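J.: There's a structure below that I have some questions on.
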Amino acid sequence: MNNNSELFKMLKEINGGMMDLLSVDSSDDEQEPPKPVMPTKVQPGILCQVDGLKSAAGQKLNGCQCAVIRYITEEERYEVRMKGEERNNATMALKETNLTPVEKRVLPTHSRRGSTSSPRSLCELLLYYKGSGPGTKAEFSPSSIMLTGYAGQCLDHIGTKNLMWLVQVQLEQLSAAVGLAKRCQDYDEEGAAEVLFALLEGDPMYIDVLIQTIHWTGFIDHDGDDNNDVFSGFSNCPPTKLTPDQDSKPYVKAMSTGPLRLLVEMTKYKFGGALFEAMKESEFYHLFLQRLLRLVGREGINTNDGSKLGPMARKILLKVLPGIKLEKRLDTVKAKDLLEQTSRDSPCQFLGADVSATTLNEMFL
């Protein structure tokens with residue numbers, strides 16, 4: 001991956017359909033990014049600044065940032081994680097009057113994205129095509145970059161030959177997910193908290209693209225020219241649908257060390273709930289749940305991807321949907337029924353932010 005411009009040309013020739021959908025161009029440093037997003041209210045899944053605390057201990061927190069995890073109804077307060085908190089899994093409860101939403105960072109346009117191992121640098125790779133969320137005017141289109149820094153190194157163990165069918169921007173996204181997951185694993189709670197704040201401080205596109213690395217994954221396999229027929233299901237798949245299921249070893253490795261590993265790491269901590277709440281705001285959230293449920297179903301019918309990724313999907317779903325009956329793998333009958341009802345042809349719009357574990361238990365489990 002030392003000569004990314006040549007790889008980009010090759011990918012563009014191979015993968016014209018999906019490349020057109022991504023609308024990538026090469027004028028990276030010349031583009032004007034959208035204005036930063038300003039959350040309009042305090043809610044789970046955003047960053048806030050703490051203000052107005054009167055106690056001696058509280059005054060030390062004034063001016064500091066926190067991630068909002070959830071609203072505690074009985075206390076009429078929000079559970080938050082303070083930035084830089086060093087106590088294990090520590091959170092605190094604050095009133096809404098002491099929380100002010102923080103403006104999101106402007107989307108990056110520079111070509112040094114992912115050059116270092118810092119979560120902010122890696123998160124800057126989580127973008128590609130025009131628009132960043134529901135109702136957002138399509139204006140921003142970052143260009144290709146040179147994956148020669150830390151992010152590029154994160155893909156070495158997967159093997160670039162296995163990734164030749166991915167368009168360049170998908171290489172960037174996947175390298176970001178792998179790098180962020182590695183940060184969580186290498187630095188435990190401290191690393192996971194840093195990743196959380198880096199994801200939440202950026203434009204909503206960061207979350208959209210993180211989800212798309214899971215539901216709209218490009219073709220990942222060992223071979224190239226022999227896979228034209230298989231690839232046809234990916235080439236013109238819009239981001240509003242799932243790409244086909246994949247069971248190759250490189251795909252499993254990419255997912256298990258990248259986006260799914262990142263989310264599994266987040267399930268270990270209370271503050272991980274802030275990321276999952278932010279994901280619920282994405283227009284692609286129902287597709288995220290659809291992919292996870294399909295992995296659970298494929299685990300039940302013993303496919304390679306299901307056997308390796310299904311347990312990870314269940315762990316994530318247990319965190320996202322408390323009460324869902326997925327402590328154990330599904331039997332074959334239930335698995336086949338689940339796969340039928342979550343097929344690529346099914347819109348699965350009911351899998352929105354408001355879907356409950358009870359509903360899914362009744363429908364599938």
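The values are calculated or read from the model by the stated rules, or taken from the named source; none is laboratory data. As the structure is a prediction and not an experimental result, all values here were calculated from the model. Cβ: placed from backbone, ideal geometry, glycine included. Neighbour counts: every protein chain shown. We work out accessible area using only protein heavy atoms, side chains counted, and drop any ligands, DNA or RNA first. Shrake-Rupley method; radii C 1.70, N 1.55, O 1.52, S 1.80 Å.
J.: For residue 315, all conditions in the list (1) open to solvent by less than 10 Å² (accessible area, probe 1.4 Å); (2) touching a Ser or Thr at 6+ places or on another chain (Cβ under 8 Å) hold save one; what is the number of the exception?
T.: Going through (1) open to solvent by less than 10 Å² (accessible area, probe 1.4 Å); (2) touching a Ser or Thr at 6+ places or on another chain (Cβ under 8 Å) one by one, residue 315 breaks only (1).
J.: Right, another one. Within the range 299-312, count every residue that is out of contact with any Phe, Trp or Tyr (no Cβ under 7 Å at 6 or more places or on another chain), charged (D, E, K, R) and open to solvent by less than 30 Å² (accessible area, probe 1.4 Å).
T.: Matching residues across the range 299-312 total 1.
J.: Taking the condition of a type in the set (Lys, Arg), surrounded by fewer than 21 Cβ atoms within 10 Å (Cβ to Cβ), at negative phi and assigned to a helix (DSSP H, G or I), does residue 253 pass?
T.: Against the criterion (of a type in the set (Lys, Arg), surrounded by fewer than 21 Cβ atoms within 10 Å (Cβ to Cβ), at negative phi and assigned to a helix (DSSP H, G or I)), residue 253 qualifies.
J.: Count, please, the residues in the range 177-200 that happen to be closer than 20 Å to residue 68 by Cβ and aromatic (Phe, Trp, Tyr).
T.: Within the range 177-200, residues that are closer than 20 Å to residue 68 by Cβ and aromatic (Phe, Trp, Tyr) number 1.
J.: So, one more: Over 16 Å from the mean Cα position of the chain (by Cα) and polar (S, T, N, Q), is that true of residue 246?
T.: Considered against the rule, which asks whether it is over 16 Å from the mean Cα position of the chain (by Cα) and polar (S, T, N, Q), residue 246 comes out as yes.
J.: Another question, if that's okay. So in the range 229-250, with the set limited to residues that are in a helix (DSSP H, G or I) and open to solvent by less than 50 Å² (accessible area, probe 1.4 Å), which one is farthest from residue 69 (Cα to Cα)?
T.: The selected residue is 231.
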